[in-house]
Amino acid sequence: MPRHVVISIDAMGGDHAPAIVVEGVELLAKAFDDGSLEVLLHGKASTIEPLLAKYPVAGRISKVRHTDTHVSMTDKPSQAIRKARGSSMWNAIEAVKSGEAHACVSAGNTGALMVLSKVLLHMAPNAHRPVIAASWPTIRGASVVLDVGANVECAPSQLVEFAIMGEAFYTALHGKNLPSVGLLNVGTEDLKGNGIVREADMLIRQADLDMNYQGFIEGDGISLGAADVVVTDGFTGNVALKTAEGTAKLAAEFLRQSMKRSPLTMLGALLSRSAFAELRSRMDPRKFNGGVFLGLGGVVVKSHGGTDGYGFSNALRVALNMARSNYAQSIAVNLEKLAKSIETTNQLKRAKQESTNA
């Protein structure tokens with residue numbers, strides 16, 4: 001685990017870059033102004049350097065790597081690949097590939113970032129697809145949910161890979177060894193769910209993984225904290241995430257309307273403002289900003305494109321925690337166990353088929 005961490009940033013990615021990028025660096029740097037953090041900002045120097053002049057700590061720890069080009073938020077992944085070489089996003093990832101940086105952060109185009117990260121960093125041994133892991137507020141604190149959009153359809157073995165990577169990611173973020181892991185399903189009984197989820201459950205149990213596996217959990221269990229790590233396919237995970245975000249906005253609006261209904265409710269709101277402030281803070285999506293592309297041969301963190309400086313600083317903190325963790329080593333053992341278990345199962349199937357044919 002490196003003490004001195006270098007984070008490479010696509011300073012031009014996002015709706016409000018590079019202003020919020022530099023502000024985010026300043027916010028994080030104040031907590032690590034001891035020489036342990038260094039930042040590489042990739043983008044247009046004439047735009048970035050005046051911003052750094054306004055933030056003394058960020059200016060002290062940052063180096064600007066100039067480039068005139070960047071990947072826009074509207075570029076399709078296929079377009080991004082053709083024009084990305086030498087862009088701020090490409091160069092930010094390239095710094096991780098070369099070993100100059102320990103992690104990359106971008107608030108830019110998600111599809112382009114995913115494709116370029118896979119092209120440049122490749123996959124980790126025994127991992128087959130990148131997966132997006134996101135933190136989720138719960139009654140118990142926070143859980144990790146994956147996948148939340150990268151893989152719409154998944155094979156059972158891929159869900160098990162997600163479980164292995166999500167467990168290591170949770171440990172890197174929260175420092176908890178053997179966090180609980182659950183598979184999202186329509187019920188907790190063994191016979192519930194489709195064949196893919198049931199087979200994934202069987203694979204986890206057969207592979208003898210070093211994992212605190214809890215079995216199936218239902219949708220309400222995500223926010224209730226039924227498991228530290230919740231595993232599902234990207235289609236279901238993304239729908240669940242967007243549904244939760246919409247529900248939170250709906251509840252906040254209903255509460256606002258109720259508090260303004262009469263002078264008495266307005267007085268109650270005034271007397272309860274500290275409680276409401278705490279609730280707003282606990283549910284602030286900026287605190288949970290920073291989705292990680294797990295399974296790659298390097299650390300890449302995706303910030304929400306519309307976030308502000310505070311939100312971006314939290315994405316940087318995720319990258320810092322990942323860089324300082326044993327994530328790569330942690331997933332290696334279980335991914336190898338899974339690969340051996342799958343090969344053994346396939347050999348048995350082939351032997352049975354040969355016997356039947358004979």
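The values are calculated or read from the model by the stated rules, or taken from the named source; none is laboratory data. Being a predicted model, the structure only gives us computed values, none of them experimental. Here Cβ is always computed from backbone atoms with ideal geometry, including for glycine, and neighbour counts include all displayed protein chains.
Sort through E49, E38 and tell me the only one that's of a type in the set (D, E, K, R), free of Cβ contacts under 8 Å to residues at least 24 places away in the same chain and within 20 Å of N91 (Cα to Cα). Working first, answer last.
Details: E38 fails: free of Cβ contacts under 8 Å to residues at least 24 places away in the same chain.
Exactly one residue qualifies, and that residue is E49.
Do you know which residues across segment 112-142 are part of a helix (DSSP H, G or I) and surrounded by 16 or more Cβ atoms within 10 Å (Cβ to Cβ)? First the steps, then the outcome.
Kept after step one, since they are part of a helix (DSSP H, G or I), are these residues of segment 112-142: 112-121.
If the condition is that a residue be part of a helix (DSSP H, G or I) and surrounded by 16 or more Cβ atoms within 10 Å (Cβ to Cβ), then A112, L113, M114, V115, L116, S117, K118, L120, L121 are the ones that fit.
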The lone condition S143 fails out of (1) within 20 Å of N212 (Cβ to Cβ); (2) modelled with pLDDT of 90 or more; (3) touching a His at 6+ places or on another chain (Cβ under 9 Å) is (3)
Using beta carbons and a limit of 6 Å, which pairs, at least six apart or on different chains, have the first residue in segment 241-264 and in the same structural domain as D284 (by TED's automatic domain parsing) and the second one at pLDDT 85 or above?
-> L241/V148
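Please find, among S281, S325, the residue that is assigned to a helix (DSSP H, G or I) and not aromatic (F, W, Y).
Only one candidate qualifies: S281.
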In segment 175-219, anything hydrophobic (A, V, I, L, M, F, W, C) and farther than 14 Å from I164 by Cα is listed as L184, V186, L191, I196, V197, M202, F216, I217
Looking across segment 162-204 at residues that are among the polar types (S, T, N, Q) and within 21 Å of A142 (Cβ to Cβ), the single one that is modelled with the lowest pLDDT is N177
Could you please find all residues in segment 233-267 being under 14 Å from P285 (Cα atoms) and touching a helix residue (DSSP H, G or I) at 6+ places or on another chain (Cβ under 9 Å)?
-> A244, E245, A248, A252
Residues of segment 19-38 being surrounded by fewer than 24 Cβ atoms within 10 Å (Cβ to Cβ) and either touching a strand residue (DSSP E or B) at 6+ places or on another chain (Cβ under 7 Å) or outside any loop (DSSP other than H, G, I, E, B) (or both), in sequence order, are A19, I20, E23, E26, L27, A29, K30, A31, F32, S36, L37, E38
Only one residue in R282, R256 is modelled with pLDDT under 85, in contact with a strand residue (DSSP E or B) (Cβ under 7 Å, 6 or more places away or on another chain) and loosely packed, with under 13 Cβ neighbours inside 10 Å, so which one is that?
-> R282
Please go through segment 295-312 and pick out each residue that is within 10 Å of the chain's Cα centre (by Cα) and more than 21 Å from V96 (Cβ to Cβ).
-> none
Considering only residues of segment 82-94 that are under 25 Å from V6 (Cα atoms) and surrounded by fewer than 22 Cβ atoms within 10 Å (Cβ to Cβ), which is nearest to the chain's Cα centre (by Cα)?
-> E94
Flagged in segment 84-109 as outside any loop (DSSP other than H, G, I, E, B) and out of contact with any strand residue (DSSP E or B) (no Cβ under 6 Å at 6 or more places or on another chain), in numbering order, are A84, W90, E94, K97
